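Shown next, in structure tokens, is the structure this report addresses.
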Amino acid sequence: MRPSLLITCSIIAMPLSAPALAQTAQPRPALPALPAPTASDGDDFHGPDADLVVTAPFVRSLDLFGSIGVLEGDDLARDLRGQIGDTLARQAGVSATSFSPGASRPVLRGFQGERVRVLTDGLGSLDASNTSADHAVAIDPLTAERIEIIRGPASLLFGSSAIGGAVNVFDRRIPRAVPESPFHLDALASYGSAADQRNAGASVDLPLTSQLVFHVDGNYLKTNDVRIGGLQLAPSLRADVLAEAAIERSAGRIANANQLTAFTNQNDLVPNTASRTISFGSGLALITGGSSLGISIGYFDTDYGVPERPSLGAVPVTIGLEQWRADLRGEVQLGDGLFDRLRIRAGFSDYQHTEFEGDEIGTVFLNQGLESRAELVQSDRSGWSGASGVQYFYRDFNAIGAEAFIPQNDSEQFALFTLQEIQTGALSFEVSGRYERSTVSANSIGFSRGFNALSGAVGASYEFGNNSKVGVNFARTSRAPSAEELLSDGPHIATASFERGNPGFAIERAWSAEAFVKLRKGPANLTVTAFASWFDNFIHAADTGLIEDDLPLFQYRQSDARYYGLELTGDATLAQFGDYSLSANLTADLVRARIGLVGANGGGNVPRIPPMRVRGGLDLSSDTLTLSGEVEWIDRQNRLAAFETPTAGFTMVNLTAQWKPLGRDGGVTLILSGNNLFDVLGRRHASFTKDFVPLSGRDIRVTARFSF
């Protein structure tokens with residue numbers, strides 16, 4: 001029996017119910033053959049205010065703990081890629097899973113999967129991207145007007161599964177304001193040479209009355225196989241395949257040997273990496289002064305190739321993904337009492353993706369989910385402000401097919417949370433807390449477990465000089481194991497692995513600490529953040545070195561673990577030449593992670609941890625023209641987990657020109673960028689597929705952005 005959603009927050013009760021999940025998948029036909037100065041550079045702060053205020057629904061007016069990054073406007077247009085992970089990969093402290101160009105999720109401070117929440121306007125993406133790296137995020141970056149990256153203790157407010165951080169994507173589907181003109185148009189079109197990427201999208205906000213606004217949007221993206229700057233296979237994998245070829249040749253199977261040898265010589269492009277994405281949506285909002293109520297419905301459809309390790313007899317795997325999603329957002333001003341306003345958000349998703357093995361249907365994944373939250377925002381009284389609320393989440397997940405690695409299961413979660421801030425002069429104190437009750441059940445195998453998780457954080461900051469600040473944060477977080485970590489037990493063809501969970505897992509807990517300093521002196525800004533987390537019962541999928549059903553066996557395990565790292569961002573104006581200013585910027589990040597106590601028997605490195613990275617650049621800019629150049633250096637990664645292969649370091653050079661032909665506020669921006677100009681072969685260590693899916697080679701991109 002499916003639960004109904006009942007959220008009450010003092011004065012509101014809002015029932016929702018999840019419709020029944022169809023028991024039989026409706027797979028689509030087999031995919032056709034796929035043809036061969038900014039506010040975004042991390043956590044530094046720009047403009048007159050030292051504090052970056054985020055727009056998350058329940059914390060919009062609060063000065064949050066820790067590290068907040070924002071990507072929007074022309075910088076977002078420049079960095080747009082088909083998946084949200086690759087779109088954000090240039091930001092401080094952010095990498096990407098980069099399983100393929102069609103499936104890439106953000107990696108924050110070395111955390112990925114269940115420990116990073118990807119949100120749409122404060123609610124989860126309600127897809128299956130957190131269950132496996134080959135699953136795409138069902139959010140079209142083309143619909144985004146602003147993306148916020150939240151790391152550190154503040155992220156626990158988005159859920160216990162946001163221990164590593166949260167990425168919050170704000171789209172335009174539920175309008176937030178009534179346009180002053182007869183309509184408002186936002187449009188973007190671009191071309192990228194590395195994969196012959198063509199994409200275009202537009203949205204229109206149309207005021208029907210002085211208080212009622214209608215929205216409609218549509219986007220299209222298509223790519224071919226991605227071009228690379230050298231051999232497809234990494235040296236270690238190339239040696240393994242050549243060894244297999246030698247065995248085949250010695251056994252007299254010459255055709256097999258020649259096929260394997262051909263794999264090792266593949267260069268210039270990565271086969272089976274083409275993709276196609278279509279999305280569209282519509283929304284309606286009633287806006288009356290400081291209150292509003294809006295609804296939207298959206299559709300996301302993508303087909304993409306899943307590259308795999310070269311082997312004899314392998315058939316190309318492709319994924320076809322569809323999601324319908326409905327959302328509601330409301331905000332009510334409450335007057336001059338204790339509470340200033342009430343905010344509500346709800347979303348429902350009907351999601352399906354099909355993994356095709358050649359022309360045959362392999363596995364179908366079905367996911368129906370809903371999430372809702374309500375927040376009461378306090379009036380600011382004598383320096384005391386805050387927000388408190390409730391959150392509900394429900395997911396019905398099923399995998400159907402020969403390679404279904406997890407039984408049908410239901411996950412349900414109810415949470416209470418609060419965030420409070422007290423400011424006395426230059427000194428600010430913050431405290432937050434979250435309680436979650438989670439249940440995971442799988443009726444087909446008689447499994448049901450419940451978990452109670454309590455998390456909290458405290459922080460203090462001191463403002464000095466000209467908007468400079470120093471602060472520390474401490475957190476104790478708890479996360480219930482997911483259904484995949486508990487119940488997986490089977491082959492997963494898209495990741496070419498056999499995955500096995502453990503139904504007896506305990507709650508994962510962590511102590512975290514973070515210290516930051518934000519310095520602003522004249523034309524220079526500098527932000528340095530150091531962080532560390534100590535885990536009990538850290539859940540991780542370990543490569544056992546064993547084979548199950550002819551696939552590598554990955555076993556979920558629990559151990560102690562420690563993460564620590566450093567992030568740095570800075571910029572400074574160096575000189576002024578008439579209407580032009582010359583400025584420099586610098587970004588660096590580093591994370592280390594170990595399982596078990598350092599030096600203890602059985603300890604080792606956490607797999608897929610991004611290596612150290614440093615990026616520096618120069619900008620020459622005026623009101624209408626900006627010329628930018630940057631060099632990005634990625635260190636090698638040889639701190640490896642068992643059975644993990646090293647990743648070589650590399651350096652990329654990028655150039656960008658941005659021109660506003662109608663002036664700074666003219667609404668038109670033309671962008672020409674050259675990424676990886678020297679066609680360097682690079683691999684992202686956080687990726688499961690790094691040894692046979694390198695990063696793209698030289699990519700010349702042309703982008704036009706319009707806003708009227």
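The values are calculated or read from the model by the stated rules, or taken from the named source; none is laboratory data. It should be emphasised that the depicted structure is a prediction, and the values quoted were computed from it without experimental measurement. Backbone-built Cβ (ideal geometry, glycine too); neighbour counts: all protein chains shown. Protein only, heavy atoms only, side chains kept; ligands, DNA and RNA dropped before computing areas. Shrake-Rupley method; radii C 1.70, N 1.55, O 1.52, S 1.80 Å.
Some notes on this structure:
- Partner lysines whose Cα lies under 18 Å from the Cα of Lys521, excluding those fewer than 8 positions away in the same chain, are identified as Lys469.
- 11 Å beta-carbon shell around Ile139, net charge (K/R +1, D/E -1): -2
- Percent accessible area from carbon and sulfur atoms, the chain, protein chains only, probe 1.4 Å: 60
- Placing a pseudo-label 7 Å from each Cα along the Cα-to-Cβ vector at Phe706 and Ser210 gives an inter-label distance of 3.1 nm.
- Separation of the Tyr462 and Ala326 label points, Cα + 7 Å toward Cβ, nm: 5.4
- Take the Cα of Leu312, go 7 Å toward its beta carbon, and the backbone nitrogen atoms of the range 230-251 under 15 Å from that spot belong to 241-251.
- Amide proton proximity set for Ala542, modelled H, under 5 Å, gap of 5+: Gln555, Tyr556, Arg557
- Surface accessible to a 1.4 Å probe, Val680 within the full protein complex, Å²: 40
- Ala530/Ile400 FRET efficiency (R0 51 Å; Cβ-Cβ; nearest 0.05): 0.65
- Derived scalar couplings ³J(HN,Hα) [the range 531-538; Karplus, 6.51 cos²θ - 1.76 cosθ + 1.60; whole Hz; x for Gly, Pro]: 9, 7, 9, 10, 9, 10, 6, 5
- Couplings for the range 222-236, taken from phi via the Karplus curve 6.51 cos²θ - 1.76 cosθ + 1.60 with θ = phi - 60°, read 9, 9, 9, 4, 6, 8, 10, x, x, 5, 5, 8, 5, x, 5 Hz in order; Gly and Pro are left as x.
- Calculated accessible area for the chain comes out at 38 Å² per residue, all protein chains present (probe 1.4 Å; ligands, DNA, RNA ignored).
- Listed values [x] 1.01; [y] 0.95; [z] 1.31, entry calculated as Rg/Rh (Cα atoms, Kirkwood Rh): [y]
- Backbone phi angles across the range 510-523, fed through the Karplus curve with coefficients 6.51, -1.76 and 1.60 (θ = phi - 60°), yield HN-Hα couplings of 8, 9, 10, 9, 8, 10, 9, 9, 10, 10, 10, 9, x, x Hz in residue order; Gly and Pro are listed as x.
- Sites Asn265 and Ala513, calculated FRET efficiency, Cβ-Cβ separation with R0 45 Å, nearest 0.05: 0.35
- Stretch gain in nm, segment Ser250-Gln420, where the contour uses 0.36 nm per residue and the Cα spacing is subtracted: 54.1 nm
- Packing rank of 142-154, 244-256, where each peptide gets the mean count of other beta carbons within 10 Å, highest leading: 142-154, 244-256
- Accessible surface ranking that places the most exposed of Met652, Met612 first, with a 1.4 angstrom probe: Met612, Met652
- Residues Leu231 and Asn258, FRET efficiency given R0 of 22 Å [Cβ-Cβ distance, rounded to 0.05]: 0.80
- Taking each DSSP H run with n ≥ 4 as -39500 (n - 2.57) and averaging over every residue of the chain yields -1500 deg cm²/dmol at 222 nm.
- When peptides 499-506, 682-689, 82-89, 354-361 are sorted by average Cβ neighbour count within 10 Å, with the highest value leading, the order is 82-89, 682-689, 354-361, 499-506.
- In this structure, the amide hydrogen of Ala194, modeled 1.01 Å from its nitrogen in the peptide plane, lies closer than 5 angstrom to those of Ile700, counting only residues at least 5 positions away or on a different chain.
- Label-to-label distance, nm, for residues given as Asp560 and Asn452 (7 Å Cα→Cβ offset): 2.7
- Close amide H contacts of Glu308 (hydrogens built in the peptide plane, cut-off under 5 Å, sequence separation of 5 or more or a different chain): none are found.
- Ligands, DNA and RNA excluded, the heavy atoms of Lys660 present near 40 Å² of accessible surface to a 1.4 Å solvent probe.
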